[in-house]
Amino acid sequence: MKKILFIIPYIPYPLNSGGNQAFFNMVEYIRKRMSVSVLLYPRTTKEQNHIEALKKIWDNVTFFVFQENKEPIQKSFYFSLLEKIKASVTRKMRRRLNKLKKDPVREKAVLFQSVFPAFPSQYLDYVANISRQGFDIIQVEFYELISLGYILPQDVESVFVHHEIRYIRNENEMNLFHNLTEREKMIFQVAKDYERAALQQYKHIIALTDTDKYILEQFIGDNKSIFSSPAVIQPIKEHPFQPATSNRLTFIGSGDHYPNNDAMQWFISEIIPILHKKGFRFTLDIIGSWNSYDIKAAEAFEEIRMTGFIPDLAAHISGSIALIPIRIGSGMRMKALDAVAAQVPIITTTKGIEGIDLRNEEECLIADSPEAFADAIIRLSQNTDLQKKLSANASERLKALYQPERMLEKRMNVYRQITGEYLA
């Protein structure tokens with residue numbers, strides 16, 4: 001039986017996002033066909049507890065859990081207080097400056113965290129040691145770990161799963177900056193070169209969509225082994241269509257992922273005023289984890305309800321119209337698949353449906369300007385026949401394109417091709 005090691009930052013349990021659910025589904029399938037190990041880097045006691053919960057479920061998976069041994073630093077109370085004050089003042093000044101500039105995207109942009117991160121030496125030693133324990137495949141996931149390819153052994157089939165192409169996201173965000181500086185242009189180019197060089201350390205790359213696969217082929221050249229293997233969604237359960245007759249809108253996504261944050265800021269500041277002007281009354285449920293700073297703009301609108309985590313997502317969003325006003329990022333939009341699985345019609349931007357083969361006017365409505373997005377909401381809310389058509393078409397297309405067993409077998413075929421052998 002072939003041995004595979006997954007290196008990821010951390011996976012929470014219970015699962016709280018589409019990406020984590022997809023990884024869980026993948027391991028759940030592969031652990032019955034390969035010898036699976038997972039290397040994790042928990043930062044908090046809560047994360048460590050989640051790993052303990054996973055160990056009980058994955059009883060045949062080997063866990064390697066890195067824990068940094070920090071030398072205690074003697075600090076006076078006064079010194080610690082000054083550190084806290086400095087951190088607080090720095091955050092407040094950054095927020096204040098960006099409010100004055102009216103440039104919230106720049107404040108949260110990942111551009112400034114896109115160049116090589118400084119890992120603890122102990123962690124790098126740990127990864128290097130574990131990765132030399134006889135694995136056939138070592139798979140690294142998520143951009144924050146991309147540079148680990150430099151320390152993986154050369155006699156192993158190394159794989160990087162690119163969930164979101166970083167330079168594409170940086171371009172999306174920078175297009176929304178006001179007065180782009182020369183320094184920011186330089187950082188973008190340095191980060192782009194870093195991403196390309198880091199990807200070239202891996203023998204194989206997996207993109208989640210055909211769109212990203214094509215972009216990566218152009219980005220790093222045709223001499224790399226690049227595969228398209230979508231995230232594995234939950235099996236689609238038959239869910240009855242319920243028309244949206246009460247003008248209820250829903251958005252799925254947590255505020256700690258900035259593309260979601262930007263989407264809601266754009267909707268609140270640009271689209272809601274148009275809906276108000278046109279006399280359209282509605283409610284909007286924002287589903288997911290958001291902190292108080294993220295939702296300040298929402299507090300001014302009585303139509304918006306922050307619902308937090310919902311155990312039965314399909315039941316909750318049934319009878320609504322799902323909005324995906326995404327302007328930033330790449331990869332696979334799990335929120336679109338969640339809506340389709342619940343027989344809920346979708347209104348999205350082009351970016352929001354990128355990489356998922358749903359077509360305008362056939363399986364969804366696509367609108368990229370605030371005016372067009374508002375008009376699509378009003379139009380779809382008033383036409384239950386169109387709601388039903390879009391939902392039914394999208395459901396059938398999703399079943400054809402993203403059957404879980406087919407997606408899992410597609411990933412197994414990637415591993416077979418990588419190793420050159422049939423995996424039992």
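Scanning the stretch 295-320 for residues that are surrounded by 24 or more Cβ atoms within 10 Å (Cβ to Cβ) and either in contact with a Pro (Cβ under 7 Å, 6 or more places away or on another chain) or aromatic (Phe, Trp, Tyr) (or both) yields no hits at all.
Output the strands (runs of 3 or more DSSP E) that fall wholly within the stretch 175-261 and possess 1 or more residues being among the aromatic types (Phe, Trp, Tyr) and closer than 30 Å to Val340 by Cα, or say none.
Hits in the stretch 175-261: 225-228, 248-252.
Within the stretch 393-412, identify whether any single residue is open to solvent by less than 10 Å² (accessible area, probe 1.4 Å) and of a type in the set (S, T, N, Q), and answer yes or no. The answer is yes, given that some residue of the stretch 393-412 is open to solvent by less than 10 Å² (accessible area, probe 1.4 Å) and of a type in the set (S, T, N, Q). Among the residues of the stretch 208-232, those that are of a type outside the set (Phe, Trp, Tyr), without any contact (Cβ under 8 Å) to a residue 60 or more places away in the chain and on the phi < 0 side of the Ramachandran plot comprise Lys213, Leu216, Glu217, Gln218, Ile220, Asp222, Asn223, Lys224, Ile226, Ser228. Residues in the stretch 120-162 that are assigned to a loop (DSSP other than H, G, I, E, B) and crowded, with 16+ Cβ neighbours inside 10 Å were compared, and the one that is nearest to the chain's Cα centre (by Cα) is Phe142. When restricted to residues that are in contact (Cβ under 8 Å) with a residue 24 or more places away in the chain and either of a type in the set (Phe, Trp, Tyr) or closer than 22 Å to Met412 by Cα (or both), the stretch 154-200 contains 14.
Filter the stretch 1-41 down to residues that are in a loop (DSSP other than H, G, I, E, B), at pLDDT below 90 and touching a helix residue (DSSP H, G or I) at 6+ places or on another chain (Cβ under 7 Å), then give me how many there are.
The qualifying residues number 6.
Considering Leu386, Leu390, which residue is touching a helix residue (DSSP H, G or I) at 6+ places or on another chain (Cβ under 7 Å), assigned to a helix (DSSP H, G or I) and at pLDDT 95 or above? Result: Leu386 is the single residue among Leu386, Leu390 that is touching a helix residue (DSSP H, G or I) at 6+ places or on another chain (Cβ under 7 Å), assigned to a helix (DSSP H, G or I) and at pLDDT 95 or above. Among the candidates Ile138, Ile151, the residue that is farther than 22 Å from Trp266 by Cα, in contact (Cβ under 8 Å) with a residue 60 or more places away in the chain and hydrophobic (A, V, I, L, M, F, W, C) is uniquely Ile138.
Filter the stretch 204-223 down to the residues that are within 17 Å of the chain's Cα centre (by Cα), surrounded by 15 or more Cβ atoms within 10 Å (Cβ to Cβ) and not hydroxyl-bearing (Ser, Thr, Tyr), then identify the one that is nearest to Pro153 (Cα to Cα). Among those residues, the one meeting the criterion is Ile206. When the test is whether a residue is under 25 Å from Ala207 (Cβ atoms), of a type in the set (A, V, I, L, M) and either out of contact with any helix residue (DSSP H, G or I) (no Cβ under 6 Å at 6 or more places or on another chain) or surrounded by fewer than 18 Cβ atoms within 10 Å (Cβ to Cβ) (or both), Val115 passes it. State the number of residues belonging to the stretch 358-382 that are assigned to a loop (DSSP other than H, G, I, E, B), open to solvent by 50 Å² or more (accessible area, probe 1.4 Å) and either among the aromatic types (Phe, Trp, Tyr) or within 20 Å of Leu337 (Cα to Cα) (or both). Counting residues in the stretch 358-382 that are assigned to a loop (DSSP other than H, G, I, E, B), open to solvent by 50 Å² or more (accessible area, probe 1.4 Å) and either among the aromatic types (Phe, Trp, Tyr) or within 20 Å of Leu337 (Cα to Cα) (or both) gives 4.
The values are calculated or read from the model by the stated rules, or taken from the named source; none is laboratory data. Nothing here was measured: the structure is a model prediction, and the numbers come from that model. Because the Cβ atoms are built from the backbone with ideal geometry, glycine has one as well, and the counts that use them run over all protein chains shown. Heads up: the accessible areas ignore ligands, DNA and RNA and are worked out on the full protein's heavy atoms, side chains in. Shrake-Rupley method; radii C 1.70, N 1.55, O 1.52, S 1.80 Å.
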